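Chemist: Got a structure here, written out as structure tokens. Questions coming.
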Ligand SMILES: CC(C)(COP(=O)(O)OP(=O)(O)OC[C@H]1O[C@@H](n2cnc3c(N)ncnc32)[C@H](O)[C@@H]1OP(=O)(O)O)[C@@H](O)C(=O)NCCC(=O)NCCS
């Protein structure tokens, strides 16, 4: 681990709203951490829609982000990602705790998400935060030729 990285690991993570100017940094992470990444348009649409789009910064560097839609008393976690170099240092859990707090602040009673059955890290992260599996959506991820189901998870916030 480099000196800069170990110095940054001691810095307090900062949460701030994502803005359009972040999208280069966001896409640089997105394209690496997912086999089927969101497009830049998915993020700019999320910003335009007024979804809750947050960036996680460490020492001024964007190392993670999350997108949550909150409406009609329900929160839907649409994206939560940590840059590969910064994974397994607790930042995913901190970001998840942050968006759960946000959903509570906006009076959501439940948070829902979809995760690929093959996404061990995601499923463990969510299970650790007390999300429970409530079902499957068949063929939710339309990967070329071989759609993958989604595991639907829910956390009661009330
Ligand atoms: C899922 C993700 C956000 C986790 O972020 P992270 O910062 O590495 O996670 P943390 O260090 O906070 O770990 C929290 C918990 O997640 C689970 N976890 C994280 N990475 C894991 C892995 N590779 N394998 C198994 N469990 C893992 C563990 O339960 C861990 O708790 P522990 O450290 O006490 O064992 C990150 O791996 C990521 O960005 N992946 C690509 C994007 C993605 O799949 N997002 C979820 C889509 S639904």
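Chemist: Could you work out the helix-only [θ] at 222 nm for the chain, with each DSSP H run of four or more residues adding -39,500 (n - 2.57) and the total divided by the number of residues, to the nearest 500 deg cm²/dmol? Numbers along the way, then the final one.
Modeler: Working: 5 runs with 52 residues, N = 158.
-10000 deg cm²/dmol, from helical runs alone.
Chemist: Provide the percentage of antiparallel DSSP beta bridges, counting only those with both residues in the chain; round to the nearest 5.
Modeler: On the way: 31 of 35 bridges.
Within the chain, antiparallel bridges account for around 90 percent of the total.
Chemist: Fewest Cβ neighbours within 10 Å first, please rank 66, 44 accordingly. Kindly include the intermediate steps, with their values, before the conclusion.
Modeler: On the way: 66 24, 44 13.
Starting with the residue having the fewest Cβ neighbours, the order is 44, 66.
Chemist: Now a separate question. Please compute, for the alpha-carbon atoms of region 1-86, the extent along each of the three principal axes and give them in descending order in Å.
Modeler: Cα spread of region 1-86 along its principal axes, largest to smallest: 45, 26, 21 Å.
Chemist: Sticking with this structure for a sec: Equivalent-ellipsoid semi-axes (√(5λ), Cα gyration tensor) for region 93-136, whole Å, largest first?
Modeler: Details: eigenvalues 78, 32, 11 Å².
Working through the eigenvalues yields semi-axes of 20, 13, 7 Å.
Chemist: Sticking with this structure for a sec: What is the Cα radius of gyration of region 27-76 over 2.2 N^0.38 Å, N being its residue count? Display every interim value, and only then the final one.
Modeler: Working: Rg = 12.1 Å, N = 50, 2.2 N^0.38 = 9.7 Å.
Compared with the compact-globule rule of thumb, region 27-76 sits at 1.25.
Chemist: Based on the mean of other beta carbon atoms within 10 Å per residue, what is the order of 69-76, 108-115, 35-42, 141-148, most packed first?
Modeler: So the order, starting with the most tightly packed, is 108-115, 69-76, 35-42, 141-148.
Chemist: Could you please state, rounded to a whole Å, how far the C-alpha centre of region 71-113 is from the C-alpha centre of region 118-158?
Modeler: Comparing the Cα centres of region 71-113 and region 118-158, I get a distance of 14 Å.
Chemist: Sticking with this one: Pulled fully out, how much extra length does the chain show between residue 132 and residue 40, if you take 0.36 nm times their separation in residues and subtract their Cα-Cα distance?
Modeler: Values: separation 92, 0.36 × 92 = 33.12 nm, distance 3.02 nm.
Once the chain is fully extended between residue 132 and residue 40, it gains 30.1 nm.
Chemist: Working from Cα positions, state the angle (0 to 90°, nearest 10) between the long axis of helix 91-105 and the longest principal axis of the chain.
Modeler: 60 degrees
Chemist: Report the paramagnetic label zone for residue 14: residues of region 46-84 whose backbone N is under 14 Å from a point 7 Å from Cα along the Cα-to-Cβ axis.
Modeler: Correct set: 55-64.
Chemist: Let me ask you something else. Under 10 °C and 1.306 mPa s, how fast does the chain diffuse according to Stokes-Einstein, given a Kirkwood radius computed over C-alpha pairs? Answer in µm²/s, whole number.
Modeler: Values: Rh = 16.3 Å.
Estimated diffusion coefficient is 98 µm²/s.
Where a number appears in this text, it was derived from the coordinates with a stated rule and is not lab data. Because the structure is a prediction, the values reported are computed rather than measured. Neighbour counts run over all protein chains shown; Cβ positions are idealised from the backbone, glycine included.
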